[in-house]
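Take a look at the structure set out below.
The values are calculated or read from the model by the stated rules, or taken from the named source; none is laboratory data. All of these numbers come straight from a predicted model, not from anything done at the bench. Virtual Cβ from ideal backbone geometry, glycine too; neighbours counted across all protein chains shown. Quick note on the areas: whole protein, heavy atoms, side chains included, nothing else; ligands and nucleic acids left out. Shrake-Rupley method; radii C 1.70, N 1.55, O 1.52, S 1.80 Å.
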Amino acid sequence: MLKQFRTVAAVALLTVTTYAVAVEMNGAHPDTYVVKKGDTLWDISARFLKKPWLWPEIWQANPQVKNPHLIYPGDVLSLAYLDRVTAQAGPRQEAPINAIPLSDVEPFLKNLSVVDSFEQLPYVVGLEDSRMHASAGQQVYVLGLQDAQAGQRYIVVRPTVAYAQPKAQSDLDARGNEIFGSGNLWKSYVASSDRNEFLGYELAQVNVGTLTQVAGGDVEASTLRLEDSGREVRAGDRVLPLQANPYDLQFIPHAPATPVAPGQLRVLAVADTFTSGGPRDVIAISGGARDGIDNGTVFSVWRSGRHINDRIGRMDTSRADDALKPGPGRVALPDEYAAHAMVFRTFDKVSYALIMEGTKPARLGYELKHPDAQ
């Protein structure tokens, strides 16, 4: 679940609207900092600023910073003058640093998508030599490509997860059907919500191939020769045309464009882990373009306030502690901040975000709020 991606540059310039941006610095700081290879803009800002996600506004407020997204190794950041961050150009022998480590999100940009349905897509019905799995150099046979032409390239995708609210996610079998009971576990992690709906199916790319023979006559299946040795193809995998997607290379951190209602957005999944993740882990969240979320949107991630038993004032209970719902004798606790996360890939109802920094693991079912929420 949640895997691989390619990027195409799309550098955005911010308009200088004011030079009176107040900078909140993180305690003591040096007068200057020399940008090093491997730095990210977020990491540098987090080192010196209390709100690292505001660095575009702060750096753009200084006229000598031509573009706050084009900071290079060797550039000297001045941190002393009126506590403002300014930049002096250094040598241009390295590529500019990015807001986030692209290597952490690249796999998720190219090889994952979220769709409302997949049943109508062409699918692999059989494999060369009646194999159970196929990889690079082998052929698979596809139903549903009658209008295709030999030489066209396709990606092979596999439905892996169904996202929904409030149960978060359910695993899918080889046919793309939900595995009975697989979503029950998440009830222990996700608080109750007024939103109860299906959000989409995650499709993971497993291979790429070229069409060598189109169905016709007595032959009902088209032939696709696989090119990628990374993951094996099996019967039931779906097929889509290969397309070049203009993914963002530069991300501009910003607050949500629309207010986030309490309980509206939650963590649906954590990439490559079971229930929790920390900095540089990717999470799936229950909101997308329809909620006004776009690439660069920053959220804070919170553990919903639990309800614990008052064992001092009410000793006659044997109920389990740390409940998600209120009840007699239970005490409601406040929400607890866990981390900040920035969205880097958006679909209609689901988005992927990178955990940037935090004080504790972000877990399945945690709530997303405005980045400045207290």
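Among the aliphatic types (A, V, I, L, M), in contact with a strand residue (DSSP E or B) (Cβ under 9 Å, 6 or more places away or on another chain), open to solvent by 20 Å² or more (accessible area, probe 1.4 Å) and assigned to a strand (DSSP E or B): is that true of Ile308 in this structure? Criteria met by Ile308. The sole residue among Lys3, Lys51 that is open to solvent by 50 Å² or more (accessible area, probe 1.4 Å), within 31 Å of the chain's Cα centre (by Cα), at pLDDT below 70 and under 30 Å from Ala168 (Cβ atoms) is Lys3.
So that you can scan it fast, the table gives a plain yes or no per residue for (1) in a loop (DSSP other than H, G, I, E, B); (2) modelled with pLDDT under 90; (3) open to solvent by less than 40 Å² (accessible area, probe 1.4 Å):
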{"residue": "Gly200", "(1), (2), (3)": "no, no, yes"}
{"residue": "Leu203", "(1), (2), (3)": "no, no, yes"}
{"residue": "Val208", "(1), (2), (3)": "no, no, yes"}
{"residue": "Leu211", "(1), (2), (3)": "no, no, yes"}
{"residue": "Arg225", "(1), (2), (3)": "no, no, no"}
{"residue": "Pro246", "(1), (2), (3)": "yes, yes, no"}
{"residue": "Leu268", "(1), (2), (3)": "no, no, yes"}
{"residue": "Phe274", "(1), (2), (3)": "yes, yes, no"}
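The requirement of being at pLDDT 95 or above, of a type in the set (Val, Ile, Thr) and touching a Pro at 6+ places or on another chain (Cβ under 9 Å) is not satisfied by Val233.
In region 284-298, the residue that is nearest to Ile355 (Cα to Cα) out of those that are open to solvent by less than 20 Å² (accessible area, probe 1.4 Å) and in a loop (DSSP other than H, G, I, E, B) is Gly296. Would you confirm whether any residue within region 249-266 is of a type outside the set (Gly, Ala, Ser), farther than 30 Å from Gln60 by Cα, at pLDDT 90 or above and out of contact with any Phe, Trp or Tyr (no Cβ under 8 Å at 6 or more places or on another chain)? So far as region 249-266 goes, no, none of its residues is of a type outside the set (Gly, Ala, Ser), farther than 30 Å from Gln60 by Cα, at pLDDT 90 or above and out of contact with any Phe, Trp or Tyr (no Cβ under 8 Å at 6 or more places or on another chain). If you filter region 331-345 down to residues that are crowded, with 21+ Cβ neighbours inside 10 Å and not charged (D, E, K, R), you find that the one that is farthest from Pro101 (Cα to Cα) is Ala338. Are any of the residues in region 181-193 part of a strand (DSSP E or B), surrounded by fewer than 18 Cβ atoms within 10 Å (Cβ to Cβ), modelled with pLDDT under 95 and among the hydrophobic types (A, V, I, L, M, F, W, C)? No, the conditions are met nowhere in region 181-193.
Yes/no per residue for (1) closer than 25 Å to Gln120 by Cα; (2) open to solvent by 10 Å² or more (accessible area, probe 1.4 Å); (3) in contact with a Gly (Cβ under 9 Å, 6 or more places away or on another chain):
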| residue | (1), (2), (3) |
| --- | --- |
| Asp237 | yes, no, no |
| Val260 | no, yes, yes |
| Leu265 | no, no, yes |
| Val282 | no, no, no |
| Trp302 | no, yes, no |
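Apart from one condition, Arg345 fits all of (1) outside any strand (DSSP E or B); (2) charged (D, E, K, R); (3) touching a helix residue (DSSP H, G or I) at 6+ places or on another chain (Cβ under 7 Å); the exception is (1). Taking first residues from region 237-266 that are hydroxyl-bearing (Ser, Thr, Tyr) and partners that are part of a loop (DSSP other than H, G, I, E, B) and at pLDDT 90 or above, the Cβ contacts under 9 Å between residues at least 6 apart in sequence or on separate chains come to Tyr247/Asn295; Thr258/Gly292; Thr258/Ile293.
One residue stands out among those in region 348-374 that are aliphatic (A, V, I, L, M) and in a loop (DSSP other than H, G, I, E, B): the one that is surrounded by the fewest Cβ atoms within 10 Å (Cβ to Cβ), which is Ala373.
Ala168 falls short on exactly one of the conditions (1) in contact with a helix residue (DSSP H, G or I) (Cβ under 7 Å, 6 or more places away or on another chain); (2) modelled with pLDDT of 90 or more, and that condition is (2). Applying a threshold of 6 Å to beta carbon distances and a minimum spacing of six or more residues, or different chains, the list of pairs starting in region 30-54 at a residue that is touching a residue at least 24 places away in the same chain (Cβ under 8 Å) and ending at one that is of a type in the set (Gly, Ala, Ser) and crowded, with 20+ Cβ neighbours inside 10 Å reads Leu41/Ala99; Trp42/Ala99; Pro52/Ser45. Taking the criterion of being assigned to a strand (DSSP E or B), under 26 Å from the mean Cα position of the chain (by Cα) and either at pLDDT below 75 or closer than 18 Å to Ile252 by Cα (or both), would at least one residue in region 115-133 satisfy it? No, region 115-133 contains no residue that is assigned to a strand (DSSP E or B), under 26 Å from the mean Cα position of the chain (by Cα) and either at pLDDT below 75 or closer than 18 Å to Ile252 by Cα (or both). Scanning region 141-153 for residues that are farther than 16 Å from Leu127 by Cα and outside any loop (DSSP other than H, G, I, E, B) turns up just one, Arg153. The requirement of being at pLDDT below 95 and either part of a strand (DSSP E or B) or closer than 29 Å to Asp335 by Cβ (or both) is satisfied by Tyr163.
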